[in-house]
Amino acid sequence: MAKEKLNIFESTCVPLPLENVDTDQIIPARFLSSTSREGFGNNLFRDWRFDQEGRAVQDFILNNRKYSGKILVAGKNFGCGSSREHAVWAVYDYGFRVVISSFFADIFRNNALNNGLLPLILPDDEVKGLIALVTAAPETIVKISVQERKVEIPSSGKSFTFEINPYKQECLIHGLDDIDYLINMRSRIADYEKKRGGLG
Amino acid sequence: MSSKTLFDKIWDAHRVHSIDDGPDVLYIDRHYIHEVTSPQAFRGLDERGITVFRPSLTLATADHNTPTRDQHLPIREELSRMQVDKLRENCSRHGIELFGLNHNYNGIVHVIGTELGYTRPGMTIVCGDSHTSTHGAFGTVAFGIGTSEVEMVLATQCILQTRPKTMRITVDGALGKAVTSKDIIMHIISLLTTGGATGYFVEYSGSAIRALSMESRMTICNMSIEMGARGGLIAPDKTTFSYLKNTKYYSGNNAFDDDLKSWKDLITDPGASFDKEIAINAESIRPMITYGTNPGMAIAVDAPLPDTEGMNSQDRDNYIKALSYMGFSPGIKLDGHPIDYVFLGSCTNGRIEDFRAFASVVKGRKKAENVTALLVPGSRLVEEQVKKEGLLEILRDAGFELRQPGCSSCLAMNEDKIPAGKYAVSTSNRNFEGRQGPGARTLLASPLTAAASAVTGRITDPRLF
Ligand code: SF4
């Protein structure tokens with residue numbers, strides 16, 4: 001099923017200078033009891049964003065009106081822990097289209113790419129520099145091109161290239177979906193089963 | 001032919017196709033599903049107007065949000081009840097076998113799949129749950145996936161995966177008194193840190209691993225994900241084969257001898273190379289406990305917490321943030337610190353061996369008054385066995401209650417929540433902020449340490465018992 005396409009865009013950033021942000025923080029388990037993919041953004045970072053009475057925690061970054069945008073910049077090992085794809089749905093539903101970090105947990109990265117969210121890896125020092133920059137200057141614009149695999153920060157004159165698997169790059173740009181790809185292979189898969197025999 | 005690792009042998013045998021510059025199409029032999037991460041996948045199939053491709057290769061259970069008391073009554077929590085109902089409906093519509101609530105084989109997905117013989121050497125196994133790595137204890141390539149991938153497997157019995165790198169962790173030597181497989185894996189994670197094995201598939205080997213029972217091996221493979229590994233596996237051997245022979249699967253057919261022959265080659269060839277090798281001396285491992293908010297933040301139970309000296313500012317900030325959540329300060333000793341809860345259970349330590357270990361410590365003693373204990377078997381079969389072996393009387397005499405199976409307080413999706421600010425010694429696998437309930441403070445440890453602490457009401461070194 002077609003996803004939203006992601007290629008060239010620019011946005012301000014939200015900095016989150018924490019490391020090892022696990023998916024239990026991104027979306028706590030008690031909010032997983034839904035049977036649809038929508039609406040998880042309301043509970044993104046729930047227990048950091050709201051206190052137990054449901055009041056906004058003033059010093060948490062998402063509650064600071066100075067910071068907004070489609071890009072989340074986070075410390076290393078973002079998305080570790082539980083495999084819940086709800087974490088990606090929450091980040092996406094909230095409005096982010098890119099997460100920049102120096103390091104992502106494997107399952108989170110796969111889940112992100114399967115939902116049109118770009119997990120963008122930059123060197124640790126550059127991520128730290130970017131966090132410092134956008135914290136001090138929230139209006140900083142960051143430009144991203146998936147096609148050119150390029151991140152650009154016009155105000156500081158910096159630009160970087162990032163790695164992305166060419167297959168996944170195509171999927172993002174064209175809003176394609178792995179499941180469609182696999183469904184088209186069903187007869188090949190059946191051949192494989194015959195060749196191997198005795199499954200079950 | 002060149003030497004191959006066990007991982008490579010299994011992966012290569014399941015590769016249907018490799019996309020140029022892209023991931024592999026990997027065939028999946030066994031797919032487990034549960035109520036929390038599957039509904040959106042079934043919905044995806046419906047939206048595409050397709051059915052499940054190979055329903056007989058998927059097995060379902062309800063475990064994550066089910067209550068651990070009064071399971072015969074309707075689930076009180078409405079959203080949980082809806083998810084469990086949805087699972088039943090999806091399974092019956094698509095012809096998928098379901099060991100749902102109140103079924104004799106119900107239990108935590110990673111406990112039942114293995115104890116019933118659905119998991120067998122050489123298989124590829126996935127489930128929408130990161131602790132799918134547990135099944136690697138049988139010499140399988142098993143790993144957790146997201147819901148989009150659950151949909152892929154339902155639709156085509158395949159997923160797209162990038163081949164991970166390989167790592168071998170060799171643990172040699174004899175374990176000390178009251179040191180368990182939980183302590184081995186917690187020790188390893190504390191050395192590698194919570195992201196230290198990201199991108200790798202780990203093979204555990206060495207004399208200390210060989211000496212372990214299947215239950216203990218599962219505990220090790222289970223927590224592979226806690227250092228970021230894609231999965232962990234152990235080559236099958238006599239211990240594996242005799243465990244499997246006694247499972248329900250082989251009691252119903254005579255395929256065992258033929259299958260056994262096909263498993264003989266499931267080893268890493270001598271001379272095969274890994275991208276990374278780590279060696280650990282079993283004698284250096286002590287009973288472990290976590291002090292922070294990820295499983296890498298663990299120390300020996302009798303050791304002081306790390307000092308902040310020499311840490312860079314980012315590390316120090318993260319460390320202090322974790323300690324302030326836990327209500328600890330640098331340099332203190334945890335041994336003797338009062339606790340409020342003990343949780344025995346989960347897919348890490350909810351098996352019969354764990355109940356035996358716990359009972360061996362509390363036998364003839366009494367639960368401390370200040371401790372609330374949650375003893376939750378991993379499955380109905382484990383629950384039955386606890387009763388059959390007379391462990392239930394031992395636990396009751398010591399003041400403990402046995403609950404009904406499920407994930408329970410491991411992720412606190414049901415009513416089994418630890419209140420804010422309370423300390424819980426837990427045999428589960430994650431001590432993230434709020435994992436056992438908002439504000440809960442989790443201390444991960446082995447069943448022996450949990451039992452010793454339950455009796456004294458304080459964090460206690462199990463070597464004293
Ligand atoms: S016991 Fe915990 S870790 Fe295991 S499957 Fe259940 S929730 Fe996941």
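The values are calculated or read from the model by the stated rules, or taken from the named source; none is laboratory data. Remember, it's a predicted structure, so these values are computed and weren't measured experimentally. Virtual Cβ from ideal backbone geometry, glycine too; neighbours counted across all protein chains shown.
Quick notes
- Looking only at region B:391-421, residues that are more than 10 Å from the ligand (Cβ to nearest atom) and within 14 Å of chain A (Cβ to nearest Cβ) come to 8 in all.
- Filtering A:Phe108, A:Phe104 for residues that are out of contact with any helix residue (DSSP H, G or I) (no Cβ under 6 Å at 6 or more places or on another chain), buried (at least 18 other Cβ atoms within 10 Å of the Cβ) and either hydroxyl-bearing (Ser, Thr, Tyr) or more than 27 Å from B:Ser80 (Cβ to Cβ) (or both) leaves a single hit, A:Phe104.
- Evaluated against (1) at pLDDT 95 or above; (2) within 24 Å of A:Arg30 (Cα to Cα); (3) in a loop (DSSP other than H, G, I, E, B), B:Asp416 falls short on exactly one condition, (1).
- Applying the criterion of being farther than 10 Å from B:Leu160 by Cβ and modelled with pLDDT of 95 or more to the residues of region B:19-34, the residue that is farthest from the ligand (Cβ to nearest atom) is B:Tyr27.
- Being within 27 Å of B:Asp8 (Cα to Cα) and either in contact with a Ser or Thr (Cβ under 8 Å, 6 or more places away or on another chain) or within 14 Å of the ligand (Cβ to nearest atom) (or both) holds for only one residue in B:Gly107, B:Gly117, and it is B:Gly117.
For every residue, the table says whether it meets (1) surrounded by 17 or more Cβ atoms within 10 Å (Cβ to Cβ); (2) closer than 30 Å to B:Pro377 by Cα; (3) aliphatic (A, V, I, L, M).
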residue: B:Gln314; (1), (2), (3): no, no, no
residue: B:Tyr319; (1), (2), (3): yes, no, no
residue: B:Ser324; (1), (2), (3): no, no, no
residue: B:Leu334; (1), (2), (3): yes, yes, yes
residue: B:Phe343; (1), (2), (3): yes, yes, no
residue: B:Cys347; (1), (2), (3): yes, yes, no
residue: B:Phe358; (1), (2), (3): yes, yes, no
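- Inter-residue pairs, beta-carbon under 9 Å, first on the phi > 0 side of the Ramachandran plot and in region A:61-88, second of a type in the set (Lys, Arg) and buried (at least 18 other Cβ atoms within 10 Å of the Cβ), 6+ apart: A:Gly79/A:Arg109; A:Gly81/B:Arg430; A:Gly81/B:Arg435
- Residues (part of a helix (DSSP H, G or I) and either over 17 Å from A:Glu19 (Cα atoms) or not aliphatic (A, V, I, L, M) (or both)) located in region A:108-127: A:Phe108, A:Arg109, A:Asn110, A:Asn111, A:Ala112, A:Leu113, A:Asp124, A:Asp125, A:Glu126
Table: residues versus (1) in contact (Cβ under 8 Å) with a residue 40 or more places away in the chain; (2) farther than 17 Å from B:Met186 by Cβ; (3) in the same structural domain as B:His110 (by TED's automatic domain parsing).
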| site | (1), (2), (3) |
| --- | --- |
| B:Ala298 | yes, no, no |
| B:Ala303 | no, no, no |
| B:Asp307 | no, yes, no |
| B:Asp315 | no, yes, no |
| B:Ser324 | no, yes, no |
| B:Pro330 | no, yes, no |
| B:Asp340 | yes, yes, no |
| B:Phe343 | yes, no, no |
| B:Cys347 | yes, no, no |
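- Any hit, region B:51-67, residues being in a loop (DSSP other than H, G, I, E, B), at the interface with chain A (Cβ under 9 Å from one of its Cβ atoms) and of a type in the set (Val, Ile, Thr): no
- Counting only residues that are more than 14 Å from every other protein chain (Cβ to nearest Cβ), part of a helix (DSSP H, G or I), crowded, with 16+ Cβ neighbours inside 10 Å and of a type in the set (S, T, N, Q), region B:77-122 holds 1 of them.
- Among the residues of region B:309-329, those that are in a loop (DSSP other than H, G, I, E, B), modelled with pLDDT of 95 or more and under 20 Å from A:Asn20 (Cα atoms) comprise B:Gly327, B:Phe328.
- Qualifying residue in region B:125-139 (condition: of a type in the set (A, V, I, L, M), buried (at least 24 other Cβ atoms within 10 Å of the Cβ), within 24 Å of A:Leu113 (Cβ to Cβ) and within 16 Å of the ligand (Cβ to nearest atom)): yes
- Subset of region B:316-347 [within 14 Å of chain A (Cβ to nearest Cβ) and either more than 25 Å from the chain's Cα centre (by Cα) or within 16 Å of the ligand (Cβ to nearest atom) (or both)]: B:Arg316, B:Asp317, B:Asn318, B:Tyr319, B:Ile320, B:Lys321, B:Ser324, B:Ser346, B:Cys347
- Residue pairs whose Cβ atoms lie under 8 Å apart, separated by 6 or more positions or on different chains, with the first residue in region A:169-189 and within 7 Å of another protein chain (Cβ to nearest Cβ) and touching a residue at least 60 places away in the same chain (Cβ under 8 Å) and the second assigned to a helix (DSSP H, G or I) and polar (S, T, N, Q), are A:Asp178/B:Ser148; A:Ile179/B:Ser148; A:Ile179/B:Thr156.
- Residues of region B:396-439 satisfying the condition of being buried (at least 22 other Cβ atoms within 10 Å of the Cβ), hydrophobic (A, V, I, L, M, F, W, C) and without any contact (Cβ under 8 Å) to a residue 60 or more places away in the chain: B:Phe400, B:Ala412
- Any hit, region B:367-378, residues being within 16 Å of the ligand (Cβ to nearest atom), touching a residue at least 24 places away in the same chain (Cβ under 8 Å) and within 14 Å of chain A (Cβ to nearest Cβ): no
- Selection status of B:Val382, within 16 Å of the ligand (Cβ to nearest atom) and among the β-branched types (Val, Ile, Thr): yes
- The residues of region B:211-239 that are in contact with a helix residue (DSSP H, G or I) (Cβ under 8 Å, 6 or more places away or on another chain), more than 22 Å from B:Ser346 (Cβ to Cβ) and either assigned to a helix (DSSP H, G or I) or among the hydroxyl-bearing types (Ser, Thr, Tyr) (or both) amount to a single one, B:Thr239.
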